[in-house]
1. From the list P98, P71, P117, which one is free of Cβ contacts under 8 Å to residues at least 24 places away in the same chain and more than 18 Å from D38 (Cβ to Cβ)?
2. Only one of (1) open to solvent by 60 Å² or more (accessible area, probe 1.4 Å); (2) in contact with a helix residue (DSSP H, G or I) (Cβ under 9 Å, 6 or more places away or on another chain); (3) in a loop (DSSP other than H, G, I, E, B) fails for H66. Which number is that?
3. Can we say A130 is at pLDDT 90 or above, under 19 Å from L50 (Cβ atoms) and of a type outside the set (V, I, T)?
4. Which of the residues spanning segment 128-164 are in a strand (DSSP E or B), open to solvent by less than 30 Å² (accessible area, probe 1.4 Å) and among the polar types (S, T, N, Q)?
5. Which one of these is closer than 28 Å to G46 by Cβ and of a type in the set (V, I, T): V115, V123?
6. Please enumerate the residues belonging to segment 141-170 that are out of contact with any Gly (no Cβ under 7 Å at 6 or more places or on another chain), over 23 Å from A100 (Cα atoms) and touching a residue at least 40 places away in the same chain (Cβ under 8 Å).
7. Which of the residues spanning segment 116-127 are among the small types (G, A, S) and either open to solvent by less than 10 Å² (accessible area, probe 1.4 Å) or part of a loop (DSSP other than H, G, I, E, B) (or both)?
8. Does segment 44-59 contain any residue that is open to solvent by 50 Å² or more (accessible area, probe 1.4 Å) and at pLDDT below 50?
Amino acid sequence: MRRLGLTTVLALVPAVFGLAPGASAADPAPAELTFATDAATTTPGGTVRLSMTLTNHKSYDVLFVHQTIQPTWLTTQRPDLKYGFTGCTLATAAGSAPCAGTGPADLGANYGTTVPPGQSRTVTLTLQIAADSGCNGNLGFYSYYYAEFSDATNVSGGPVFTPETRVLCA
């Protein structure tokens, strides 16, 4: 009984003096990258728009973003699937604007200037399927990103996977 009393007293002392860890909800990621496509299927010769949205959950501006996009391993195993990124636009308040670059290199510059706290930027890549592409395969991509904030902190994320697009024979 004495041991139980001593244990209880020792457990209560940190709580009384505010030294015990408090319960808190998990903080959201400082920045989040999500993907969407405008079609789940396409045919050879078709196009699919792949939208990438970077959301700033932090209370500081995102000043710099570096992002890559690569085909998944399963996509690379189908050499008959022929495709390429042919266009890129950034959604702005005034409408769509052309991106700074296209392809799997540094996509980060395409998000434009700073991303203020609580806001997001969406970049849409146009994925063109070659007319002589193979069929009945899935195209999928993954991405890594790195973001720097105006409070001198940074975050890395990934891999973030895109929805897969199935190339069907018509």
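1. Numbers: P71 fails: free of Cβ contacts under 8 Å to residues at least 24 places away in the same chain; P117 fails: free of Cβ contacts under 8 Å to residues at least 24 places away in the same chain.
Step by step, each of P98, P71, P117 is checked, and only P98 is free of Cβ contacts under 8 Å to residues at least 24 places away in the same chain and more than 18 Å from D38 (Cβ to Cβ).
2. (3)
3. Details: at pLDDT 90 or above: yes; under 19 Å from L50 (Cβ atoms): yes; of a type outside the set (V, I, T): yes.
Judged against the criteria, A130 is a match.
4. S143
5. Numbers: V115 fails: closer than 28 Å to G46 by Cβ.
None of the others qualify; the one that does is V123.
6. Correct list: D151, T153, P163, T165, R166, L168, C169, A170.
7. To start, the set of residues in segment 116-127 that are among the small types (G, A, S) comprises 118, 120.
Matches in segment 116-127: G118 only.
8. Scanning segment 44-59, I find no residue that is open to solvent by 50 Å² or more (accessible area, probe 1.4 Å) and at pLDDT below 50, so the answer is no.
The values are calculated or read from the model by the stated rules, or taken from the named source; none is laboratory data. Since we're looking at a predicted model, the values are computed, not measured. So basically every Cβ, Gly included, is an ideal-geometry build from the backbone, and we count neighbours across all protein chains shown. In case anyone asks, the SASA skips ligands and DNA or RNA and just uses the protein heavy atoms, side chains included. Shrake-Rupley method; radii C 1.70, N 1.55, O 1.52, S 1.80 Å.
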